[in-house]
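Peer 1: Would you mind keeping the following structure in view while I ask a few things?
The values are calculated or read from the model by the stated rules, or taken from the named source; none is laboratory data. Since we're looking at a predicted model, the values are computed, not measured. Please note: Cβ atoms are built from the backbone with ideal geometry, for glycine as well, and neighbour counts cover all protein chains shown.
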Amino acid sequence: MRTRQQIYPCVTPALRKRLTLYASKRGTSYSSVVEAALVQYLDADTTDRTLLLRRLDRVGRDLAVVERDLDVLSHAFGIFLQVWFAHTPQIDEGMKRSAEQDALQRYSRFLDHLAAEAVKSESFVRQVSAGGDRQQGSLDDESVTR
């Protein structure tokens, strides 16, 4: 009994010429080249699935890092708010207008400083992971403390 079955595919003359050239360069028969090509073509779905699963796995790991970073930032923001509420006194009604103007000016300087830090692309989470090492004077800058 034969382990292989014969088929008769029709191909264009140009493809037949390419097949002949390829098979002669490789030193193989037409049948082995066609069989290998068919196996690769028919198994492409499995190969694509494997590739997609690999990429999805990488996206999942990246998402876990983003989730961890968001947790660190959320926790830091929560601690900041607790300290801020604990150490910021209530403002009298007569001083609220000038305090609002001062706050808007300080906030504008804060945004400028934040934009400058974002250009450096120094991640807060990386700073926390490094044990809080930061450049000397980065918070002593006049634009932030005024």
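Peer 1: Go through region 25-52 and report how many residues are part of a helix (DSSP H, G or I) and surrounded by 10 or more Cβ atoms within 10 Å (Cβ to Cβ).
Peer 2: Within region 25-52, residues that are part of a helix (DSSP H, G or I) and surrounded by 10 or more Cβ atoms within 10 Å (Cβ to Cβ) number 19.
Peer 1: Another one. Here are the criteria: (1) β-branched (Val, Ile, Thr); (2) over 25 Å from the mean Cα position of the chain (by Cα); (3) more than 30 Å from Thr20 (Cβ to Cβ); (4) surrounded by 10 or more Cβ atoms within 10 Å (Cβ to Cβ). Tell me which single one Thr88 does not satisfy.
Peer 2: Looking at each condition in turn, Thr88 falls short on (4).
Peer 1: Mind checking whether some residue in region 95-105 is hydroxyl-bearing (Ser, Thr, Tyr), surrounded by 11 or more Cβ atoms within 10 Å (Cβ to Cβ), modelled with pLDDT of 90 or more and assigned to a helix (DSSP H, G or I)?
Peer 2: No, region 95-105 contains no residue that is hydroxyl-bearing (Ser, Thr, Tyr), surrounded by 11 or more Cβ atoms within 10 Å (Cβ to Cβ), modelled with pLDDT of 90 or more and assigned to a helix (DSSP H, G or I).
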